[in-house]
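Inspection log for the structure reproduced underneath, given as structure tokens.
The values are calculated or read from the model by the stated rules, or taken from the named source; none is laboratory data. Bear in mind the structure is a predicted one, so any value in this text is a computation, not a measurement. Ideal geometry is used to build each Cβ from the backbone, glycine not excepted, and the neighbour counts take in all protein chains shown. Just so you know, the surface numbers come from the protein's heavy atoms only, side chains and all, with ligands and any DNA or RNA stripped out. Shrake-Rupley method; radii C 1.70, N 1.55, O 1.52, S 1.80 Å.
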Amino acid sequence: MGVDFFIGLFLATLIVSLFTSRLYRLILWYSMNSLVLGILALLTGKALDDKAMLITGIATLLIKAVGIPYLLKNFSEKFHFVRQIQPEIKVHYAIILIPAILVFTFYLSEPITHMINGNANYVAVSISSLFLSLLLMMEHRYVAPKIIGFLSMENALFLLGITATGGMPMLVELGIFFDLLMAIVVMNLLFHKEEEHS
Amino acid sequence: MMLTLLVLPALLMFIVSFFKYEKAKYFLPISSFAILLPIIKLFMLTKPYALLGSFLVADKLDTYILLVSSLVGIGVTLALLTLDKHVKVSAKAYRRFYRFFAIFWVGLTLSILANHMGIYWIGLELATLSTVYMIKTNHTRAAHKEAWNYMIAGAIAISLVLFGIILMYASAKPILGEDAMQFDLLLLHAKEIPSPFLFEMGFAIATVGMFVKMGFFPMNLWLANIERASFYPVAALFSGILESAVVIGFFRFSQIAKEVNYAHLFGFVFVYTLLTIFIVSFLIFRAKDFMRLFSLSGVEHMALIVLFWVSGGTFAALLHFGAHAFLKPALFLSTGVLESRGKYRIAGALRGYKGKKGQLFWVLVSLFLLAIISLPPSPMFFSELYGFGAMIKTAKQSDYMLEMIGAILFLLILLSVIFYRFVAIYQSMKYEGKEEEKKVYASELFALIIFALCLAALLLPVSFVYLRSIT
């Protein structure tokens, strides 16, 4: 029951972020999305008695829900990001497009869900989150929301890892975290250079 | 111990990149040469050789790919010594380029030697992220834009690969548990996978991610644009090393997919690569500068390697892979000199070379240009003979023989379009345009000589025997 609630919340935070037109609010929704993901990892880890997943859940909360949003806000202030980020897709089209994506992905993942033990619908939610994150990247002109779209995509993949496989090996999870931090370092460098240009 | 030796040159490079002493840059190619010692040792060891438990295992395939990539790395570091003579680059950016090059090298070593899908992905992601900054070393608006494009499109491609890996892992976890991440165990138990559809879906998604990274349909131009915007050694690294790491992943995944359902694998890859070569051949026909021309030709050759591999022509695919990995970086590194009088001046690009160094340069570049279109005795001539032979053999065994033979003929027509374009460009470079003096430096010439020697070594009987022994 708890997992059902949080997985719904995961999807909801992503959908809300698709309509957001302010950068700080978008960062906040990404943080909420990561927070829910961390709680989901903790709940699943506890249910499966999987210590590795519990550690990953804590790492998600610390790195993705707190660390990365803090860094992004910091970058935003340091490099003077544009904070008015109006999505390119108009709201009335997005209202039609988002449910269409959800229905399509549930239909698309239907043959897979029969093959996965346990919470089959969660896989469909993970795949739809992946598509919605792609939409988030596509609907914005500026770099900062595109980065959040990329980070949300990582969250969707992480959710897929939890739900479809009952957790990836610890080594892989930590590797993904490391790569994410490396991505932040590279982004920081790119923004530095952008400032030098202007 | 062996793993430490393999990673040590990259670590030394990383440390040296912090030294502000100008002569320190001469240490960088030496450190890259040092990687040859552990690789030679690795060749002598009995395979498979566990480097780090079951996570990193050296077999005949990855040892070959590691050797090829390292030789390309050595060539690139040599050419980098004279980068500032051809383009405007600050000492700080140059040092930072090397810092990320070292990280790139570590990522690639991990990817190439990985016997674990997760580690393969981590290595590939590390290599992808480190190249972002290398693109940005060129301080232009175009390079800045392309660095972001690479960051975003590369992230999507790599996410697709991870998505596919998760599905493949999920399909085999019921029988293998956490070991379902290991390539060797997956291959051994491929026929027992309880949900083959799930595995195939994962494979297809991961393959699309890898193909996008290599510039296949529908992303045919993104790599060419990035390579055009960045400094020429970056393009050499992409074509000679990064694509090697991507393609070894495809080799590993497809070996398992072949056991699951060969007909599905072949059909999917055949249609995809045919579509890619169809588009790329027309893009090559319209290419107006060296970087885009070589980049698009790289996409064509990677598509051929993939096609030969799934057709059962393992030897042809690996020979073609080796030849492409040496030829393309050699050509990309030559563009530093070829474009020294302007980016879009193809006519007369092979004229105006004086002295022994100049003469040797234009002869080598001519040979590379003719070798890339598979004129004998290029290794590509032999690989295409064997590769198309393998395709015809597969067609004969198939229920759709006539359609497949038709498709192969169509493919040959497309390749002849590319052949025609390259010959026309070569003639324009050699016989048209004004003769303007161009300078060739010893280090870049040395890099080209290394690539020429490597190509010749590929034709040795001992190389053929080794490649044939890889199954």
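So is B:Arg228 under 17 Å from the mean Cα position of the chain (by Cα) and open to solvent by 10 Å² or more (accessible area, probe 1.4 Å) or not?
Yes, satisfied.
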Practice task
Would you be able to tell me the number of residues in region B:1-26 that are open to solvent by 90 Å² or more (accessible area, probe 1.4 Å) and either within 23 Å of the chain's Cα centre (by Cα) or among the basic types (Lys, Arg) (or both)?
Solution key: 2
Exercise for the section: Inspect all residues belonging to region B:277-284 and state whether any of them is buried (at least 24 other Cβ atoms within 10 Å of the Cβ), farther than 27 Å from B:Leu409 by Cβ and among the β-branched types (Val, Ile, Thr). Expected result: no
Completion exercise
When every residue in region B:103-153 that is of a type in the set (Val, Ile, Thr) and without any contact (Cβ under 8 Å) to a residue 40 or more places away in the chain is compared, the one farthest from B:Lys173 (Cα to Cα) is B:Val132
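Can you tell which of B:Leu198, B:Leu185 is of a type in the set (A, V, I, L, M), open to solvent by 10 Å² or more (accessible area, probe 1.4 Å) and either part of a helix (DSSP H, G or I) or free of Cβ contacts under 8 Å to residues at least 24 places away in the same chain (or both)? Explain how you work it out, then say what you get.
Working: B:Leu198 fails: open to solvent by 10 Å² or more (accessible area, probe 1.4 Å).
Criteria check complete, one pass: B:Leu185.
Given the criteria closer than 19 Å to B:Ser239 by Cα and at pLDDT below 90, does B:Leu327 qualify? Before you say what the answer is, go through the steps one by one.
Details: closer than 19 Å to B:Ser239 by Cα: yes; at pLDDT below 90: no.
Spelling it out, it is not the case that B:Leu327 is closer than 19 Å to B:Ser239 by Cα and at pLDDT below 90.
Considering only region B:244-264, state which residues are open to solvent by 10 Å² or more (accessible area, probe 1.4 Å) and in a helix (DSSP H, G or I). Let's see the steps before the verdict.
Residues of region B:244-264 that are open to solvent by 10 Å² or more (accessible area, probe 1.4 Å), as a first pass: B:252, B:255, B:258-264.
Scanning region B:244-264 gives B:Arg252, B:Gln255, B:Lys258, B:Glu259, B:Val260, B:Tyr262, B:Ala263, B:His264.
Residue by residue through region B:452-466, note down the ones that are assigned to a helix (DSSP H, G or I) and open to solvent by 50 Å² or more (accessible area, probe 1.4 Å).
Answer for region B:452-466, where residues must be assigned to a helix (DSSP H, G or I) and open to solvent by 50 Å² or more (accessible area, probe 1.4 Å): B:Leu453, B:Ala456, B:Pro461, B:Val462, B:Val465.
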Practice task
For B:Arg292, state whether it is touching a strand residue (DSSP E or B) at 6+ places or on another chain (Cβ under 9 Å) and either without any contact (Cβ under 8 Å) to a residue 60 or more places away in the chain or in a helix (DSSP H, G or I) (or both).
Solution key: no
Problem - So B:Ser374, is it more than 30 Å from B:Lys85 (Cβ to Cβ), in a loop (DSSP other than H, G, I, E, B), assigned by TED's automatic domain parsing to the domain that holds B:Met429 and open to solvent by 10 Å² or more (accessible area, probe 1.4 Å) - result: yes
Practice task
Considering every residue within region A:56-66, establish whether at least one is within 14 Å of chain B (Cβ to nearest Cβ) and surrounded by 16 or more Cβ atoms within 10 Å (Cβ to Cβ).
Solution key: yes
Completion exercise
B:Tyr169 vs (1) open to solvent by less than 10 Å² (accessible area, probe 1.4 Å); (2) within 10 Å of chain A (Cβ to nearest Cβ); (3) over 24 Å from B:Lys258 (Cα atoms): all pass except (3)
Problem - Residue among B:Ala235, B:Ala229, B:Ala245, B:Ala224 that alone is modelled with pLDDT under 95, within 24 Å of B:Phe199 (Cα to Cα) and in the same structural domain as B:Ala93 (by TED's automatic domain parsing) - result: B:Ala245
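Do you know which residues across region A:185-198 are at the interface with chain B (Cβ under 7 Å from one of its Cβ atoms) and open to solvent by less than 10 Å² (accessible area, probe 1.4 Å)? Break it down stepwise before answering.
To start, the set of residues in region A:185-198 that are at the interface with chain B (Cβ under 7 Å from one of its Cβ atoms) comprises A:186, A:189-190, A:193-194, A:197.
If the condition is that a residue be at the interface with chain B (Cβ under 7 Å from one of its Cβ atoms) and open to solvent by less than 10 Å² (accessible area, probe 1.4 Å), then A:Val186, A:Leu190 are the ones that fit.
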Practice task
For A:Leu160, state whether it is at the interface with chain B (Cβ under 9 Å from one of its Cβ atoms) and closer than 23 Å to B:Gly107 by Cβ.
Solution key: no
Fill in the blank from the handout: A careful count of residues in region B:111-122 that are within 17 Å of the chain's Cα centre (by Cα) and within 9 Å of chain A (Cβ to nearest Cβ) gives 1
Problem - Residue check for A:Phe79: in contact with a helix residue (DSSP H, G or I) (Cβ under 9 Å, 6 or more places away or on another chain), among the hydrophobic types (A, V, I, L, M, F, W, C), more than 12 Å from every other protein chain (Cβ to nearest Cβ) and at negative phi - result: yes
Exercise for the section: Determine whether region B:337-354 contains at least one residue that is part of a helix (DSSP H, G or I) and open to solvent by 10 Å² or more (accessible area, probe 1.4 Å). Expected result: no
Completion exercise
Note: among B:Ala79, B:Ala127, just one is crowded, with 24+ Cβ neighbours inside 10 Å, under 21 Å from B:Leu5 (Cα atoms) and more than 10 Å from chain A (Cβ to nearest Cβ), namely B:Ala127
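Does B:Ser159 qualify as being among the polar types (S, T, N, Q), free of Cβ contacts under 8 Å to residues at least 40 places away in the same chain and either more than 10 Å from chain A (Cβ to nearest Cβ) or part of a helix (DSSP H, G or I) (or both)? Please lay out each step first, then the result.
Numbers: among the polar types (S, T, N, Q): yes; free of Cβ contacts under 8 Å to residues at least 40 places away in the same chain: no; either more than 10 Å from chain A (Cβ to nearest Cβ) or part of a helix (DSSP H, G or I) (or both): yes.
No: the conditions fail for B:Ser159.
So that you can scan it fast, the table gives a plain yes or no per residue for (1) among the aromatic types (Phe, Trp, Tyr); (2) within 11 Å of another protein chain (Cβ to nearest Cβ); (3) in a loop (DSSP other than H, G, I, E, B):
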site	(1), (2), (3)
A:Glu88	no, no, yes
A:Ile127	no, yes, no
A:Leu132	no, no, no
A:Leu151	no, yes, no
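Would you be able to say whether some residue in region A:68-76 is part of a helix (DSSP H, G or I), over 20 Å from the mean Cα position of the chain (by Cα) and charged (D, E, K, R)? Break it down stepwise before answering.
Here is the first cut: in region A:68-76, the residues part of a helix (DSSP H, G or I) are A:68-76.
Narrowing further to those that are over 20 Å from the mean Cα position of the chain (by Cα): none.
Looking for residues that are part of a helix (DSSP H, G or I), over 20 Å from the mean Cα position of the chain (by Cα) and charged (D, E, K, R), one finds none in region A:68-76, hence no.
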Problem - Any chance B:Ala50 is part of a strand (DSSP E or B) and either free of Cβ contacts under 8 Å to residues at least 12 places away in the same chain or out of contact with any Lys or Arg (no Cβ under 7 Å at 6 or more places or on another chain) (or both) - result: yes
Practice task
Test each condition in (1) under 26 Å from B:Tyr344 (Cβ atoms); (2) open to solvent by 10 Å² or more (accessible area, probe 1.4 Å); (3) among the aliphatic types (A, V, I, L, M); (4) at the interface with chain A (Cβ under 10 Å from one of its Cβ atoms) for B:Ala147 and report the one that comes out false.
Solution key: (2)
Problem - Test: residue in region A:163-184 that is at the interface with chain B (Cβ under 8 Å from one of its Cβ atoms), under 19 Å from B:Ala147 (Cβ atoms) and either open to solvent by 20 Å² or more (accessible area, probe 1.4 Å) or of a type in the set (A, V, I, L, M) (or both) - result: yes
